[in-house]
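First the structure, in the form of structure tokens, and then the observations on it.
The values are calculated or read from the model by the stated rules, or taken from the named source; none is laboratory data. Just so it is clear, the model here is predicted, and its values are computed rather than measured. No Cβ is skipped: glycine too gets one built from the backbone with ideal geometry, and neighbour counts run over all protein chains shown.
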Ligand code: AMP
């Protein structure tokens, strides 16, 4: 496994690999690797000749009052895990390498963003698409792997790839969970012991909301209301949002029909957690 810290060296290598016909799978992360990330790496390992993992905590996607400073880091352990799971190249740039000076251009995200995390975290998805545009040009992947846990990110990256004609296939990987259902996240270490016992209720609430649709409930507002009540009874975390939208378009729906996402974000003292369920429903007259 090789570790690259500067852009030109890895970009030259990826160019050579592509010229020799190798397929490159790319897994972008912010590090503090857990089994969710490992699942992405495994998929990339299965489907490509070369696997590139990037580890970069992108300041552009954090708002002023967010957890950039508390974001967990463990370079040594991340490199051990990457090697163990067959990563070929780790791209581990510093902020100075990625942003030697303020950007002169910006990409604005105009669709799939005025809802969910895009609404609660202004500028977040602009930061995400900016760093990904750079990383895609640096790593030149054939396939890029993203977790369904960040379903809105998947939807926005899908737009990025299509709008700007990146020759990249987006692969979305199902959410990996703890035994009690909590979605694995690097941020889970920032939960207090008490918060950690309550946090699985986010997934329970989403499953409860989904079960209502299976029982025939079709009104999104009722489903959201009941899901919120369920969650409020189970956690003292502050609910940032619970939304039910079409997926991947992320548009409001009058009635639950077709593929939809039920998503929630909850703020704990030092961590804001998100989770979602994407499911298909069909109404019968
Ligand atoms: P992050 O390091 O949090 O930016 O995540 C890097 C990638 O791993 C993103 O595509 C995430 O969606 C994905 N990921 C994070 N947690 C999970 C999880 N529990 N299951 C599946 N993928 C995940």
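Details
- Test result for residue 122, in contact with a helix residue (DSSP H, G or I) (Cβ under 8 Å, 6 or more places away or on another chain) and either under 22 Å from residue 172 (Cα atoms) or not assigned by TED's automatic domain parsing to the domain that holds residue 246 (or both): no
- Of the helices (runs of 4 or more DSSP H) lying entirely inside segment 156-242, those containing at least 2 residues that are more than 16 Å from residue 277 (Cβ to Cβ), away from the ligand (no atom under 15 Å from the Cβ) and more than 21 Å from the chain's Cα centre (by Cα) are 193-198, 220-232.
- Residue 56, sole failed condition from (1) over 15 Å from the mean Cα position of the chain (by Cα); (2) farther than 15 Å from residue 147 by Cα: (1)
- Scanning segment 172-198 for residues that are out of contact with any helix residue (DSSP H, G or I) (no Cβ under 6 Å at 6 or more places or on another chain) and within 29 Å of residue 251 (Cβ to Cβ) yields a count of 4.
- Within segment 28-41, restricting attention to residues that are closer than 17 Å to residue 142 by Cβ and within 9 Å of the ligand (Cβ to nearest atom), the residue that is surrounded by the most Cβ atoms within 10 Å (Cβ to Cβ) is 40.
- Selection status of residue 52, away from the ligand (no atom under 16 Å from the Cβ) and closer than 18 Å to residue 75 by Cα: no
- Count of residues meeting criterion [surrounded by 22 or more Cβ atoms within 10 Å (Cβ to Cβ) and in contact (Cβ under 8 Å) with a residue 60 or more places away in the chain] in segment 42-57: 3
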